[in-house]
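*Asks:* Below is the structure I would like to discuss, written out as structure tokens.
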Amino acid sequence: QVQLVESGGGLVQAGGSLRLSCAASGRAFSNHAMGWFRQAPGKEREAVATINWTGGIPYTADSVKGRFTISRDNAKNTVYLQMNSLKPEDTAVYYCAAKLWGSGGSYEDEYDYWGQGTQVTVSS
């Protein structure tokens, strides 16, 4: 079992920044690919960025490239999402997910464990 707890969401003005954190417990975190996903009201959940256990970043959504950066600290069992130059369209619930095997793909069905989500609201 892997337990994931997201934090760092909130309300921010357009152009601002937030850093999301996802603390993992349970199985060996450092062996797992991790991903950040988001779901806006009325829309399907989509991948934002993923990271392999080695720190390689196989996927970043085009809509956030150059603005968002995923990273991980295996010593702290934590994965981060640094979000800069936020836009109102980034408003969503952001979820952290863990994948037991393989690299960090962008399909949510690949992931085995999910956090409860954290709300990010960007005002214009």
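No lab work stands behind these numbers, since they all come straight from the coordinates. The shown structure was predicted, so the numbers you read here are calculated from the model rather than taken from an experiment. With ideal geometry, Cβ positions are generated from the backbone for all residues, glycine too; neighbour counts draw on all protein chains shown.
*Asks:* Determine the gain in length on full extension of the stretch Arg45-Gln3; use 0.36 nm per residue of separation and subtract their C-alpha separation, reporting nm with one decimal.
*Replies:* Between Arg45 and Gln3, full extension yields 13.1 nm more.
*Asks:* Could you tell me the calculated FRET efficiency between Ala75 and Ser103, based on Cβ-Cβ distance and R0 = 35 angstrom, to the nearest 0.05?
*Replies:* On the way: r = 21 Å, r/R0 = 0.61.
Step by step, r from the Cβ atoms, then E = 0.95.
*Asks:* Right, another one. Measuring from label point to label point, each 7 Å out along Cα→Cβ, what is the Gln13 to Thr121 span in nm?
*Replies:* Going by the 7 Å Cα→Cβ label model, 1.7 nm.
*Asks:* Give the long-range amide H neighbours of Tyr59: residues separated by 5 or more places, or on another chain, with amide H under 5 Å away, using H modelled in the peptide plane at 1.01 Å from N.
*Replies:* Sorted by chain and number, the residues that satisfy this are Thr50.
*Asks:* Continuing with this model, one more query. If you wrap a convex hull around the Cα atoms of the range 21-83, how much volume per residue is inside, in Å³? Walk me through the intermediate numbers first.
*Replies:* Working: hull volume 6.0 nm³, N = 63.
Spread over its residues, the Cα hull of the range 21-83 gives 95 Å³ apiece.
*Asks:* Name the most mobile residue of Gly42, Gly105, Gly56, meaning the one with the largest mean-square fluctuation, in a Gaussian network model of the chain with Cα contacts below 10 Å.
*Replies:* It is Gly42.
*Asks:* What does the net charge come to around Ala47 if you take all other residues with beta carbon closer than 12 Å to its beta carbon, with K and R at +1 and D and E at -1? Don't skip to the end; give the middle numbers.
*Replies:* On the way: positive: Arg38, Arg45, Lys99; negative: Glu44, Glu46, Asp62, Glu108, Asp109, Glu110.
Every neighbour counted, the sum reads -3.
*Asks:* With a/c under 1.5 counting as rounded, go ahead and sort the range 60-124 into rounded, prolate or oblate using the C-alpha gyration tensor (a ≥ b ≥ c being the square roots of the eigenvalues; past the cut-off, prolate if a/b is larger than b/c, else oblate).
*Replies:* Numbers: a/c = 1.73, a/b = 1.63, b/c = 1.06.
Verdict is prolate for the range 60-124.
*Asks:* What does the charge count near Val122 come to, summing +1 for each Lys or Arg and -1 for each Asp or Glu among other residues with Cβ under 9 Å from its Cβ? The partial results should precede the final answer.
*Replies:* On the way: positive: Lys87; negative: Glu89, Asp90.
Value of the local net charge: -1.
*Asks:* Only bridges with both residues in the chain count here: give the DSSP antiparallel percent, nearest 5. Intermediate values should be presented prior to the final figure.
*Replies:* Working: 37 of 41 bridges.
That works out to approximately 90 percent antiparallel.
*Asks:* If you don't mind, another one. Over the chain, what is the mean sequence separation of C-alpha contacts under 8 Å (at least six apart), divided by residue count, expressed as relative contact order in percent? Let's see the in-between values first.
*Replies:* Values: 321 pairs, mean separation 44.9, N = 124.
Once normalised by length, the contact order is 36 percent.
*Asks:* Sticking with this one: Lysines within cross-link reach of Lys76: Cα-Cα under 25 Å, excluding same-chain residues under 8 positions apart?
*Replies:* Lys99
*Asks:* Let me ask another. Within the range 47-72, whose backbone N sits under 14 Å from a point 7 Å along Cα→Cβ of Lys87?
*Replies:* 61-68
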